[in-house]
Amino acid sequence: MTPPPVTHRATAPQILARCRDLVRPALAEAVQRLHPWHAEMAAFSLGWSTADGRPVTGAQGKGVRQALALLSAEAAGAPAKDAVVGAVAVELIHVFSLLHDDIMDGDETRRQRATVWKVYGTGPAILAGDALFALAVRTLADAPGVHSATAVRHLAGTLTDLVRGQAEDLRFESRPWTGPESVQPHEYRWMAEHKTGALLGCAAGLGGVLAGAPATTVDALARAGRHLGVAFQAVDDLLGIWGDPQVTGKPVHSDLRRLKKTYPVLAALATDHPAARRLATLLGTGNPLDRTTARRAADLAEEAGGRSATLAEAHQQLEGARRSLDGVPLAPAALGEILALLPFFVDRTM
């Protein structure tokens, strides 16, 4: 698709900042409706405050889901404010998923500081996640306008997909690295589409729903979001192995050291390269890798083509997102901003 001509198009950081600024007041208001303890944990997870409640300035997440919701509404011909409630609901679900995901993965740091369960305990973090889940549904259900029920159904389908994807991610841990029962790249792609892509697709689709767009437009926006989710997860996997820990906030080679099955490793193992066989032997012991062994595994995965294959997958998913948006009537300026965001999904460093 040829991007529409837009004069002085905003950059991805500018677009994300504009959307965060539009959503932040409503998101803060929603969080304050929680039990005070849950609100404190939510604010900590969102980067708004320290563990002792002191406000933090300038520490916000990327906000890609919020941006997709607002830009999709604009692309469907409605003002961004019509989709703020959808952006809030999606962000609440995102935080809920992070709280639970960090517990399931045993991650002790996120964004260069301790995760919620490490600060507050496992039980409280689970409960805070549950509260955020409930608040997200209620936020959409209480939204004014004629599209609220459709929006809730859209979110419900997303939640079903999200937990299915997370279930498969957990099941991958017990499967071998090689042989007929090993995890194949196409299985991982399915998992990523559901675990990560579903929520990005939900954000884009909700923007269309709340704008009153026809079903064909909503479906196209949601498909584009799902493609972006797979690209996002692919780059997340790259950063989990080769990212700068000073930027990602995670220890170097963190995913490899935990023997997490990620796309770069699975893609490397699927080749006939000699380095793939050496990598399989290294991982096949089942023992967590120390720093030296993890570095060796990362080198082997790169030598066998895992890193380049993952980047290629991410770019292929971006093309899928572009194709999904082609052929449906969308406002040129908003479509231009969505397209301007696409490279961010591959070029980001955290």
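Here are the numbers for this structure:
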read-out	value
Residue match in the range 335-349 (condition: at pLDDT below 95, of a type in the set (Ser, Thr, Tyr) and not in a helix (DSSP H, G or I))	yes
Inter-residue pairs, beta-carbon under 8 Å, first farther than 21 Å from residue 66 by Cα and among the aliphatic types (A, V, I, L, M) and in the range 95-112, second assigned to a helix (DSSP H, G or I) and at pLDDT 90 or above, 6+ apart	103/117; 103/122; 103/125; 103/126; 104/166; 104/170
Filtered residues of the range 290-318 (kept if touching a His at 6+ places or on another chain (Cβ under 8 Å), under 25 Å from residue 193 (Cα atoms) and either surrounded by fewer than 22 Cβ atoms within 10 Å (Cβ to Cβ) or of a type outside the set (S, T, N, Q) (or both))	298, 304, 305, 318
Which listed residue, of 219, 255, 237, is free of Cβ contacts under 8 Å to residues at least 40 places away in the same chain, at negative phi, buried (at least 20 other Cβ atoms within 10 Å of the Cβ) and not hydrophobic (A, V, I, L, M, F, W, C)	255
Matching helices (runs of 4 or more DSSP H) fully within the range 269-327 where at least 3 residues are closer than 19 Å to residue 234 by Cβ and among the basic types (Lys, Arg)	306-325
Odd one out for residue 129 among (1) touching a His at 6+ places or on another chain (Cβ under 8 Å); (2) small (Gly, Ala, Ser); (3) over 19 Å from residue 63 (Cα atoms)	(3)
Cβ-Cβ under 6 Å pairs, at least 6 apart or on other chains, the range 128-146 side among the hydroxyl-bearing types (Ser, Thr, Tyr), far side crowded, with 23+ Cβ neighbours inside 10 Å	139/88; 139/89
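Conditions tested, residue by residue: (1) of a type in the set (Ser, Thr, Tyr); (2) within 26 Å of residue 102 (Cα to Cα); (3) buried (at least 18 other Cβ atoms within 10 Å of the Cβ); (4) in contact with a His (Cβ under 9 Å, 6 or more places away or on another chain).
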{"position": "137", "(1), (2), (3), (4)": "no, yes, no, no"}
{"position": "147", "(1), (2), (3), (4)": "no, no, yes, no"}
{"position": "159", "(1), (2), (3), (4)": "no, yes, yes, no"}
{"position": "164", "(1), (2), (3), (4)": "no, yes, no, yes"}
{"position": "173", "(1), (2), (3), (4)": "no, yes, no, no"}
{"position": "178", "(1), (2), (3), (4)": "yes, no, no, no"}
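Per-residue answers, yes or no, for (1) modelled with pLDDT under 90; (2) among the polar types (S, T, N, Q); (3) farther than 26 Å from residue 156 by Cα:
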position: 2; (1), (2), (3): yes, yes, yes
position: 11; (1), (2), (3): no, yes, yes
position: 24; (1), (2), (3): no, no, no
position: 77; (1), (2), (3): no, no, no
position: 97; (1), (2), (3): no, yes, no
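The values are calculated or read from the model by the stated rules, or taken from the named source; none is laboratory data. Since the structure is predicted, the reported quantities are computational estimates derived from the model, not experimental observations. Here the Cβ is made from the backbone with ideal geometry for all residues, glycine too, and neighbour counts use every protein chain on show.
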